[in-house]
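J.: Sharing a structure, written as structure tokens. Questions coming.
Only the coordinates and a few stated rules stand behind these numbers; no lab work does. In this text the structure is predicted, and so the values were computed from the model without any measurement. Reconstructed Cβ throughout: ideal geometry from the backbone, glycine too, with neighbour counts over all protein chains shown.
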Amino acid sequence: MIVGTQKPLDEIWDMVKDFKDTLVLGCNTCVAVCHAGGDKEAETISSLLKIRAQMENRDLTVSHSAIMRQCEPEYFEPVMQELRQHDLVLSTACGVGVNYLSARIGNIPVYPAVNTSFYGGVQEAGLFVELCAGCGNCIINLTGGICPIARCAKTLMNGPCGGTNKGKCEISDEVDCAWFLIVERMKQLGTLEKLSEIQPPRNWSTARDGGPRKISIEHLRQYEKQEQEKSELPGGNA
Amino acid sequence: MNAASNLQQVIMSGQPAVTAELGPPMSADGTEIIHKAHLLKGFCDAANITDCQTAVVRISSIAGAVLALREGLEPVMQMTCRDRNRIAIQADLLGAHALGLRNCLCIAGDHQKFSAAGRLKGHPGAKNVYDVDTCQLVGILKKMRDEGTQQGGDKLEVAPKFFIGASWTPGGEPLDFRVVNLQKKVAAGADFIQTQGIFDVEIFKAQMKEITKLGLHERTAILGGVIVPRSAMMLKYMDSSVAGVSVPPALIERMIKAREAAGDDKKKAKEFQEEEGIRIAVELIHQVLEIPGIKGVHIQAIEWESAMAKIVQMAGLYPRPVFT
Amino acid sequence: MNLEEIKNVIQRYRPYGADIKETRPYSPCREACPANTDVQAYVGLIAQGRYNEAFDVITSVNPVASVCSLICHHPCEQECRRGAIDDPVAVRQLKRFAIEASRDYRRSLRKPVDKTRNKSIGIVGSGPSGLAAGSDLASLGYNVTIYERHPVLGGMLAMAIPPYRLPRESINEDIDDILAKGIDYVTNCEIGKDIKLAELTKKHDAVLIAIGLAKSRSLGIPGLEGPGVLLAIPFLEDIARGKKPAISDNVLVIGGGNVAIDVARSARRLGAANVSMVCLESALEMPAWKWEVDEALEEGIAIHHRWGPKAVRRDGDKVLGLELKKVTSVFDQQGRFSPAYDEETTSFIAANTIIITIGQMSDYGLLVDSPVKLDERGRLQWNPATQMSNVPGVFLAGEVVTGPGSAIAAVESGHRAAVAMHLYLQGENAEAIMPAEKKTKLGEIPEEVAARIACEKRVSIRHLAADVRCHTFEHFELGYTEGEALIEAGRCRGCSGGALVDTKKCMACLTCQRICPYEAPLVQAYSEIRPDLCQACGLCAPECPAQAITMVSYDIRQLRTEMPTRLANIPRERTEPAIASFMCTHHVGVAGFNLPANFHILPVHCISRVDILDLLSALAYGADGVAVVGCGAAICKYKDIENRVQARLKRAQDLSRGLGIESGRIALLNAMADAEDPYLQVCSGFAQTLLQLGLRTARSTSAHQ
């Protein structure tokens, strides 16, 4: 899932302080799971902004709400009119949600309250770790299921650098050396010899380096198109 | 076509090679490089011009190398994977060759977070590149040199003929995989290897035994790294904090004794420790050179280039061979 | 009016979460109560010092709450899940406390109900079922008249339960509540004798027969005739009327039921020095409640088990004693009452008075000249689904049809009769509408959960000393003090009052599953917080990122809506810091409900329920500081919550610091239950800290939007 973290209140305050009526809109999927932007955190931010407004003697209206996902149009349908009643929507969704809503809401700005960080897993309650970088070309079959793109600070493909120290990465003793893990894992799987093979320079064009990406599932899209056409026929539910 | 590198010739002659290290300054003035080049000239076969080591901005390795070359010191330019993508790397390699550089050491480079181990601000917020890793970089150099082709496949009119080097941390974790690591770099095309500083000769010996079993020492020239210790504190730091380096307690003990011999005299303490450090370095050089499969030493007198002359002489590695 | 609406009229008060609770398994205490009294709700309210609301919960289903608070056989306690851990919660005694503590409040509620139906109902009998039905029907707007053959209302409650167990005033409190609705009554009026039942059915649109079992059964053994042999009910009625039945110094009571115990203990109080009982059953088999047997034994009453009466031995008018035969078995293989004797083994107990207490039956005298019929076994014909007799408009309720039972069971029968009568009078088909009321209940506390619950013995109930009480008809049981009641109420595990997931909001994030100390949540497509395991600590709800979890009882949101009122009176000009004080009601509350006025108390079921949002809100409403006052790990009702709450506070402190509000304004305070002074010290220490930080200015604390 997508993992994010709340922006500092001061930064949020600077975004909203000049708007009379702000709605803090939570997203109850990924960012809720990582406790950054679900219903609960939307209310927390709203509450903090109200207190801040009080303390600075500003007459602001701040309210909160949440929808299931801010990255699909259907979830907005029941609330879009409501959203447009406000001067600003402060979205606690990931960047996807903010972009997405911003493009659809009309003449109201949508600002982010969350810093979207990574695709991660929950290592333990409250601890989220990055495990995938969304490079578009997965090779972790070659690396014992451990992604060197996401988990090696240098995205090395052919083994550890000289910075491995006691199994940790040179950037921090709190970060595991991915290659240390890979080697140990491959030993465990009895496939260490696979690592002797040199991985050639990667083709990064499938990653973000190749420009904004899009995935089209044609059979689903065809269906949508047909449905749309049907509804546009006389007697359809246009 | 210019002559082949001096370093390559020394190695091919079968005599133990000596490389040194020259750190460029954080300055737009190249005088310091020129000064250091003079300190090293004649006491090594080539000197590495580091590429923004510890992720701190300094005069670039290529520019520094050219400055050294002009002073008659053969440079080993360094190329990290951290700062350039394969386009910039290859362009710089072509330029470096055109400027007369013949040795290139391929390394991953310290992560930008490293910032001189926190002693300087550095640029921890920089975007890193790592488009290719060391092994791949070695492969690119080889492909350019031997096939006259860029990584992408386009032909080069004139191929850069680099003597290709790579680094190796024999004592790094996972220990057993370090042999594979070297094997891959050699397979990719590394002509010479400079190792991380060795204090624990036994570990290195054991690793070299594996290397020789695989015959890698025949396919590449391994230069054992010797870091010249300057103080007990430095040794302790290296032991605890520098990746892939472990310092036997006996060595630390020797430095402490040297310091203690000076009593409260700080100046003397420094002196005694430096003297002891040079003695240790010389001993290490001898021990490393005795290990089967070793073709030379890479002596790192970090920010202490002036010590090189004495060390090389004491080690009996002076004068350096000259080829015409 | 559908059944729910009827219920809503009858049940004057619906506690928070009442509707949700109907959709879930009942707590075993509630399920066990014939009237389904929401025990968990009112015990929890008592724990929070909310006695009037506790009273409201109790009386919403039980119009004879005072009576039950003293004499109920409390099946709730027998079923209490806490019993598997240490002792069941002393529910009845807590009920008594709540009712006595809310006496002024209950009196203030007494007011007539408008008679909107223009229909009249006659009720024969004023025992618990008649009173319950009368109360409900009056609430529904009917003209109700109760007919009672005795001079006072209350039926057997007033006439057969001796006052040392049930003082007259307690019955009167209940009856006064009921009569206040505007119910007519006629005492000293025996139907069938003073008024014929047929007249009654003519006079009223519907009639309820709730005459109970008011006639003692007798034995068929030789020697009964003559003085010295008494029947239980007349004996007890004499006591109720203030007469002193003539008994000798040596009394033998035949029977092993609760009434037999009442009779024996009453005989002691009348001055009989030697009172003994003889019953067919062994100590384990005898039907009397164990605690009543124990109380009787304490009072010096001997019980002879497993002997059956053979003959009364007498010398003319003087009873000499009872001849007995050995009982070989009491029940047959199917468990039915079918005593068998060894006629050869006999015994004799000397006694000069014998009181027969082997059960009661109904007095069908009222049926004279009436079309209401008995069945072939001599019982009233009726349809249990509608509670109607063979005569349309004549209904039946209570022990007259259910057989011997408890007061609360009779109450429930009365409730059902009232609904049936209402539906009948509205022309509805009662049979189709009356539900078969049987609720599912929670299972036992699983072992692994029980292991996490600390033992906490119940607060014992004090009685007058046996040698004192056996000389007086004064009430023998002493009520809890407020402190005792608060501690005892805190023992309730809150079964069925726990966490509830809104599956529309839940996105299965596992937070609750990870945080729950009892492993109650099971997250698949969404979280299911299993009520059998949930201990209602509330730790999960404030952590739910989708705000999908609410607590069935005492959800913090309820408090949240009250917060503005509770913090409304913070004076603008003040010298003492205004402190919003979230207090655990379980132990801390016991010592802390009487804090200085600048502590604005926000009682919570457990501090684990306090949300970051609540802490922030308290600051927003102008508090100078927010104290979360918990019990300390040693006495905490829940395990392993303190660190969690501490972490939550830490985040609130970080957030408030981001607002420029000092983190020292939010604090977790711990106090021991049994140490009032250290507790106050803890609080005043915090107040001092706040004074040093300074009082927050009026500007920064203007009304919260």
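J.: Between the alpha-carbon centers of region C:355-405 and region C:139-154, tell me the distance in whole angstrom.
T.: So the two Cα centres are separated by 19 Å.
J.: Under a cut-off of 17 Å between alpha-carbon atoms, report the aspartates and glutamates in cross-link reach of C:LYS439, not counting same-chain residues fewer than 8 places apart.
T.: Of all the aspartates and glutamates, those that pass the test against C:LYS439 - Cα under 17 Å, at least 8 places apart if same chain - are C:GLU4, C:ASP19, C:GLU22, C:GLU31, C:ASP38, C:GLU79, C:GLU412, C:ASP532.
J.: Let me ask another. Measure out, as a whole number of angstrom, how far apart the alpha-carbon centroids of region C:244-293 and region A:2-58 sit.
T.: Here the answer is 72 Å between Cα centres.
J.: Given the -39500 (n - 2.57) contribution per DSSP H run of 4+ residues, what per-residue ellipticity at 222 nm results for chain C, rounded to the nearest 500 deg cm²/dmol?
T.: -9500 deg cm²/dmol
J.: Let me know the charge dipole size of region B:1-70 about its Cα centre in debye, to the nearest 20, where only the beta-carbon of Lys, Arg (+1) and Asp, Glu (-1) is charged.
T.: 100 debye
J.: Another one. If you project the alpha carbons of chain B onto their three principal axes, what span does each projection cover, largest first, in Å?
T.: 65, 47, 42
J.: Under 9 Å from the Cβ of C:PRO28, count the other residues' Cβ atoms, weight Lys and Arg +1, Asp and Glu -1, and hand me the total.
T.: Numbers: positive: C:ARG30, C:ARG81, C:LYS441; negative: C:GLU31, C:GLU79, C:GLU444.
Combined, the nearby Lys, Arg, Asp and Glu give 0.
J.: Reachable lysines from A:LYS40, Cα under 18 Å, same-chain residues fewer than 8 places away excluded?
T.: In chain and number order, the partners are A:LYS7, A:LYS50, C:LYS504, C:LYS505, C:LYS650.
J.: Quick one: of C:LYS7/C:LYS203; B:LYS142/B:LYS310; B:LYS205/B:LYS266; C:LYS290/C:LYS438; B:LYS266/B:LYS310; A:LYS154/B:LYS184, which pairs are farther than 29 Å apart, Cα to Cα?
T.: Pairs exceeding 29 Å: B:LYS142/B:LYS310; B:LYS205/B:LYS266.
J.: OK, next. Give the residue from B:VAL288, A:LEU9, C:ALA633 lying farthest towards the positive end of the charge dipole for the protein assembly as shown; charges sit on Cβ (+1 for Lys and Arg, -1 for Asp and Glu) and the dipole is referred to the Cα centre.
T.: Sorting the options by dipole projection puts first B:VAL288.
J.: Among B:ALA159, B:ALA243, B:ALA65, which one shows the highest mean-square fluctuation when chain B is modelled as a Gaussian network with alpha-carbon springs under 10 Å?
T.: Its mean-square fluctuation being the largest, the pick is B:ALA243.
J.: Say a paramagnetic label sat at a point 7 Å from the Cα of C:GLU5, along Cα to Cβ; which residues of region C:116-146 have their backbone N under 16 Å from it?
T.: Inside the label zone: C:116-117, C:140-142.
J.: Quick one: what Rg and Dmax do you get for region C:485-533 from the alpha carbons, in Å?
T.: 13.0, 42
J.: Nearest 20 debye, what's the magnitude of the dipole of region C:59-140 about its Cα centre given +1 on Lys and Arg Cβ and -1 on Asp and Glu Cβ?
T.: On the way: 13 positive and 8 negative charges, 92 e Å.
It comes to approximately 440 debye.
J.: Near the amide H of C:THR37, under 5 Å away, which other amide H atoms are found, from residues 5 or more places off or on another chain, if H is placed in the peptide plane?
T.: none
J.: Something else about it: Ranking A:MET55, C:MET361, B:MET77 by Cβ neighbours within 10 Å, fewest first, what do you get?
T.: Values: A:MET55 19, C:MET361 16, B:MET77 30.
With the sparsest Cβ surroundings first, the list reads C:MET361, A:MET55, B:MET77.
J.: Moving on. List the residues whose amide H sits under 5 Å from the amide H of A:THR164, counting only those 5 or more places along or on another chain, with H placed 1.01 Å from N in the peptide plane.
T.: Those lying under 5 Å, H to H, from A:THR164: there are none.
J.: With each pseudo-label sitting 7 Å past Cα toward Cβ, what's the C:ALA283-C:THR472 distance in nm, one decimal?
T.: 3.0 nm
J.: Apply the Karplus parameterisation 6.51 cos²θ - 1.76 cosθ + 1.60, with θ equal to phi minus 60°, to every residue of region C:52-65 and state each ³J(HN,Hα) to the nearest whole Hz, in sequence, with x for glycine and proline.
T.: So the Karplus estimates, Gly and Pro as x, are 5, 5, 4, 4, 4, 5, 5, 7, 5, 10, 9, x, 10, 5 Hz.
J.: Additional query: Name the residue, out of B:GLN183, B:GLN15, B:GLN78, whose mean-square fluctuation peaks in a Gaussian network model built on chain B with Cα pairs under 10 Å.
T.: Of B:GLN183, B:GLN15, B:GLN78, the Gaussian network model singles out B:GLN15 as fluctuating most.
J.: Continuing with this model, one more query. Hey, fewest Cβ within 10 Å first, where do B:ARG145, B:ARG102 land in order? Mind dumping the intermediate values first?
T.: Details: B:ARG145 21, B:ARG102 24.
Starting with the residue having the fewest Cβ neighbours, the order is B:ARG145, B:ARG102.
J.: If R₀ is 56 angstrom, what is the calculated FRET efficiency for the pair A:ILE217 and C:SER684, using the beta carbon separation as r and rounding to 0.05?
T.: The formula returns an efficiency of 0.25 here.
J.: Quick one: P(r) of the protein assembly as shown from all Cα-Cα pairs, 20 Å bins, percents rounded to integers, in order of increasing distance.
T.: Per 20 Å bin, starting at 0, the Cα pair percentages come out as 9, 25, 24, 19, 12, 9, 2, 0.
J.: Turning to a different aspect of this structure: Taking 8 Å as the Cα distance limit and 6 or more residues as the minimum spacing, I'd like the relative contact order of region C:416-554 as a percentage.
T.: Values: 162 pairs, mean separation 31.5, N = 139.
For region C:416-554, the relative contact order is 23 percent.
J.: Also: What FRET efficiency would be calculated for the residue pair B:THR212, A:THR206, taking the C-beta separation as r and a Förster radius of 41 Å, to the nearest 0.05? Write out the running numbers ahead of the final one.
T.: On the way: r = 41 Å, r/R0 = 1.01.
It comes to 0.50.
J.: Average projected area of the Cα convex hull of region A:1-53, in nm²?
T.: Details: hull surface 13.6 nm².
Taking the Cα atoms of region A:1-53, their convex hull projects to 3.4 nm² on average.
J.: With each label point set 7 Å from Cα along the Cα-Cβ vector, what nm distance links B:MET12 and B:ARG119?
T.: Placing both labels 7 Å beyond Cα along the Cβ direction yields 3.9 nm.
J.: Sorted from fewest to most neighbouring beta carbons within 10 Å, what does the list C:HIS415, C:HIS463, C:HIS586 look like?
T.: Numbers: C:HIS415 26, C:HIS463 14, C:HIS586 29.
Neighbour counts put them in this order, fewest first: C:HIS463, C:HIS415, C:HIS586.
J.: Rg over Rh of region C:446-491, using C-alpha atoms and the Kirkwood radius, what does it come to?
T.: Reported Rg/Rh (Cα atoms, Kirkwood Rh): 1.22.
J.: Can you tell me the 0 to 90 degree angle between the C-alpha axis of helix B:86-98 and the longest principal axis of chain B, rounded to 10?
T.: On a 0 to 90 degree scale, this one is about 80.
J.: With +1 assigned to the C-beta of every Lys and Arg and -1 to the C-beta of every Asp and Glu, and no other charges, what is the dipole magnitude of the protein assembly as shown about the Cα centre in debye, to the nearest 20?
T.: That gives the protein assembly as shown a dipole magnitude of about 1580 debye.
J.: Could you compute the net charge surrounding C:ALA41? Neighbours are other residues with a C-beta less than 11 Å from the C-beta of C:ALA41; K and R count +1, D and E count -1.
T.: It works out to a net charge of +1.
J.: Evaluate chain C: find the radius of gyration of its Cα atoms, find its Kirkwood radius, and give the ratio Rg to Rh. Spell out each step's value before the answer.
T.: Numbers: Rg = 29.0 Å, Rh = 28.1 Å.
Expressed as Rg/Rh, it is 1.03.
J.: Count charges around B:ARG82 for me, please; just the other residues with Cβ under 14 Å from its Cβ, Lys/Arg as +1, Asp/Glu as -1. Present the calculation step by step, with values, prior to reporting the outcome.
T.: Numbers: positive: A:LYS154, B:ARG58, B:ARG84, B:ARG86, B:LYS113, B:LYS127; negative: A:GLU170, B:ASP51, B:ASP83, B:ASP92, B:ASP110, B:ASP131, B:ASP133.
My count for the surroundings of B:ARG82 gives -1.
J.: Could you give the angle, 0 to 90 degrees to the nearest 10, between helix C:258-269's Cα long axis and the longest principal axis of the Cα atoms of chain C?
T.: With both axes taken from Cα atoms, the answer is about 80 degrees.
J.: Which far-off residues, 5 or more places away or on another chain, put their amide H under 5 Å from the one on B:ILE299, with H placed in the peptide plane?
T.: Amide H neighbours of B:ILE299, under 5 Å, 5+ apart: B:THR19, B:ALA20, B:VAL226.
J.: In degrees from 0 to 90, rounded to the nearest 10, what is the angle of the helix A:178-189 Cα long axis to the longest principal axis of chain A?
T.: Helix A:178-189 sits at roughly 60 degrees to that axis.
J.: Turning to a different aspect of this structure: Taking a quarter of the surface of the convex hull around the Cα atoms of chain A, what do you get in nm²? Before the final figure, lay out the partial values.
T.: Values: hull surface 71.2 nm².
The number I arrive at for chain A is 17.8 nm².
J.: Determine which aspartates and glutamates satisfy two conditions relative to C:LYS202: a Cα distance under 16 Å, and not lying fewer than 8 residues away in the same chain.
T.: Here the aspartates and glutamates satisfying the reach criterion relative to C:LYS202 are C:ASP194, C:ASP369.
J.: Defining a contact as two alpha carbons under 8 Å apart and six or more residues distant in sequence, what relative contact order in percent does chain A show?
T.: About 16 percent, as a whole number.
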